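Take a look at the structure below.
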Amino acid sequence: MTSGVTQPTDIREVAVIGLGLMGSGIAELVARSGRRVDAIEIDRSALDQGMARLHASLDRAVSRGKLTDTARDEALARIRPTDDVPAGVADADLVIEAIPERMELKRSLFAQLDEACRADAILATNTSSLSITEIAGGTRYPGRVAGLHFFNPAPAMKLVEVVSTVLTAPEITETLTLLSRDLGKTPVGATDRAGFIVNALLVPYLNHAVHLLETGQATREDIDKAVAAGLGLPMGPLTLLDLIGLDTCLAVLETLHDEFGGTRYRHAPLLRKLCDARLFGRKSGRGFYDYRRPSTAADHELAPVPDEVAVIRDSSGLLDELADSISAADIRVVPEPSDQTGLVIVAAVPRHRVLDAALAAGHPADVVGAHIIETLAGKLRLAELVLPDVTAAGTAAKAAALAARIKLKAVISRDRPGFLLEALAYAQFNDAVRMVQDGYASSADIDTAMMLGCGYPCGPLQMLDEAGAANVVAVLDAMHAATGDPAFTPVPLLAEYATAGNLFRAEAGG
Ligand code: NAD
């Protein structure tokens, strides 16, 4: 630790500018840590709204037993609401800016802060995607400007990305890192690159899901279910897009595309169309899903379940458990298709087409590939039922009916490499390896960021290790070959680790 570093205990007065969704949460968090907060808004009515949001959040914490009445009242007493920026920031040790994501607004505010703040005050921005270097470049002392990227809701989410520019003084970064810990957060360090860690990994994956939807790879429900159940995430990508806001995600994607170029950051046309139609997700009542009406997804009629199912087992034993469950449901299971067979099940492997196994099994029109996704503990969690385009129209419905009868959690996917889960996950793992390869972030920080910022049960690099780098490379190669999209080319570090058998998270125990 450097002697010139300001310690968290020396940061007693914090100005939070912009009391919107993020600013009100940040002000609450800082006030609950015992520090005085100047809560600053652009005008009286915005200030009232922001303070009302903050009050409501503190009340919720009390009603959930996370805060006492006294602690709430003390936190509120430490907050001074004001619509006077210069007066609000005058004594601040630290200013945290959380105004809208527009460069001209941020630059003009930071120019104002130059005049109004103490020369030794630290200036932090909560920007998600703008260049902090550009914000800092317009100020008199760019060395004191850094990013402090909280996640929504700020009081609850444990992750903070502490972002330094080439101009940020190292002791400022260190103070913000220590302060984040003092606020009960887990900081990860990043330099000023579009999307930092979390958004640079999350948003292209969300966009990829939109691309799968618009190219008919699966329904929106099945895309969401495949990833949520398959990876153990809190929600699927299309639901998450609706939650974050499609416009916000599109803006981040455009920033990534401007900075890095390439097909991985090119927006799916459907994403732009939905934004043009102002279907931004939850906040506008409709996005990929419609939030204005209660869901009517429930009881649609299922197709009849076939009396006889052929299960083409192979030496891997992958379909043994499935065959047993089908027999247990009083459905005749045969090893080869006969004239009575209504459905033929073959083992589906994400790096190979199901079509070839379907042709080998005969009856290609009745074939469905089953890709069984197992948990770490080996407990069956989800099946991807994969249909080559040559299957008969009713085959998907028969497969869905069978899955329902044997109570198998299943999704239906077209026969494209990676199917749903691995296509989405492995492309993201490749992005994560690129960050490690470029020296941008460590494997451990990437995993921490995705666990704490996005609710991953374990980080992408640990999941990659578990899936096996060689397997991930094989699926990505197949995706690349099938689509011609260079975004799916395994990055050199991944290819090297696959060949050498190295682990990205050796220290995490595999
Ligand atoms: P928001 O629109 O909810 O809030 C912005 C607030 O700033 C508004 O209340 C507005 O009245 C106020 N404001 C505008 N100009 C101002 C000025 N000159 N002085 C004082 N107040 C002013 O926006 P938000 O979602 O809270 O986002 C704020 C920042 O945090 C953005 O940079 C955004 O990218 C970032 N961020 C957002 C999220 C998220 O999930 N929404 C997550 C992390 C970071």
I need a count of the residues in region 1-53 that are open to solvent by 20 Å² or more (accessible area, probe 1.4 Å), outside any loop (DSSP other than H, G, I, E, B), touching a residue at least 40 places away in the same chain (Cβ under 8 Å) and within 10 Å of the ligand (Cβ to nearest atom). 2
Residues in region 442-458 that are in contact with a Leu (Cβ under 8 Å, 6 or more places away or on another chain), open to solvent by 20 Å² or more (accessible area, probe 1.4 Å) and among the polar types (S, T, N, Q) total 1
Please work out which one of (1) modelled with pLDDT under 95; (2) over 24 Å from Ala46 (Cβ atoms) is the condition Arg102 fails and give its number. (2)
Hey, can you tell me all the residues within region 232-255 that are more than 14 Å from the ligand (Cβ to nearest atom), crowded, with 20+ Cβ neighbours inside 10 Å and in contact (Cβ under 8 Å) with a residue 60 or more places away in the chain? Pro237
Considering residues of region 82-101 that are within 8 Å of the ligand (Cβ to nearest atom) and within 28 Å of the chain's Cα centre (by Cα) only, the residue surrounded by the fewest Cβ atoms within 10 Å (Cβ to Cβ): Pro100
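Condition check ((1) out of contact with any strand residue (DSSP E or B) (no Cβ under 7 Å at 6 or more places or on another chain); (2) in a helix (DSSP H, G or I); (3) under 24 Å from Val472 (Cβ atoms)) across all residues:
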| site | (1), (2), (3) |
| --- | --- |
| Leu322 | no, yes, no |
| Ser327 | no, yes, no |
| Pro337 | no, no, no |
| Thr341 | no, no, no |
| Ala393 | yes, no, no |
| Ala423 | yes, yes, yes |
Being under 30 Å from Thr489 (Cα atoms) and surrounded by fewer than 21 Cβ atoms within 10 Å (Cβ to Cβ), is that true of even one residue in region 397-407? no
Quick one: count up the residues across region 54-74 that are open to solvent by 10 Å² or more (accessible area, probe 1.4 Å) and within 16 Å of the ligand (Cβ to nearest atom). 3
Inspect all residues belonging to region 296-309 and state whether any of them is open to solvent by less than 30 Å² (accessible area, probe 1.4 Å), more than 21 Å from the chain's Cα centre (by Cα) and modelled with pLDDT of 95 or more. yes
Out of (1) part of a helix (DSSP H, G or I); (2) surrounded by 24 or more Cβ atoms within 10 Å (Cβ to Cβ), what's the single condition that is false for Arg434? (2)
Which of the residues belonging to region 344-362 are of a type outside the set (Asp, Glu), in a helix (DSSP H, G or I) and open to solvent by 50 Å² or more (accessible area, probe 1.4 Å)? Leu359, Ala360
Identify, by number, the condition in (1) without any contact (Cβ under 8 Å) to a residue 24 or more places away in the chain; (2) of a type in the set (D, E, K, R); (3) closer than 25 Å to Leu213 by Cα that Asp438 doesn't meet. (3)
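From Asn199, Asn126, grab the single residue that is at pLDDT 95 or above, within 16 Å of the ligand (Cβ to nearest atom) and closer than 16 Å to Val16 by Cα.
Values: Asn199 fails: closer than 16 Å to Val16 by Cα.
Going through Asn199, Asn126 in turn, just one is at pLDDT 95 or above, within 16 Å of the ligand (Cβ to nearest atom) and closer than 16 Å to Val16 by Cα: Asn126.
Here is a yes/no grid of residues against (1) among the aromatic types (Phe, Trp, Tyr); (2) open to solvent by 20 Å² or more (accessible area, probe 1.4 Å); (3) in contact (Cβ under 8 Å) with a residue 24 or more places away in the chain:
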| position | (1), (2), (3) |
| --- | --- |
| Pro460 | no, no, yes |
| Val472 | no, no, yes |
| Met479 | no, no, yes |
| Gly484 | no, yes, no |
| Tyr497 | yes, yes, yes |
| Asn502 | no, yes, yes |
| Arg505 | no, yes, yes |
Using the structure shown, decide if Thr168 is open to solvent by 40 Å² or more (accessible area, probe 1.4 Å), of a type in the set (Val, Ile, Thr) and either away from the ligand (no atom under 14 Å from the Cβ) or modelled with pLDDT of 95 or more (or both). no
If we keep only residues of region 133-164 that are crowded, with 22+ Cβ neighbours inside 10 Å and more than 15 Å from the ligand (Cβ to nearest atom), then the residue farthest from the chain's Cα centre (by Cα) is Arg144
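The values are calculated or read from the model by the stated rules, or taken from the named source; none is laboratory data. Everything numeric in this text was worked out from a predicted model, so none of it was measured. Reconstructed Cβ throughout: ideal geometry from the backbone, glycine too, with neighbour counts over all protein chains shown. Surface areas here come from the heavy atoms of the whole protein model, side chains and all, with no ligands, DNA or RNA. Shrake-Rupley method; radii C 1.70, N 1.55, O 1.52, S 1.80 Å.
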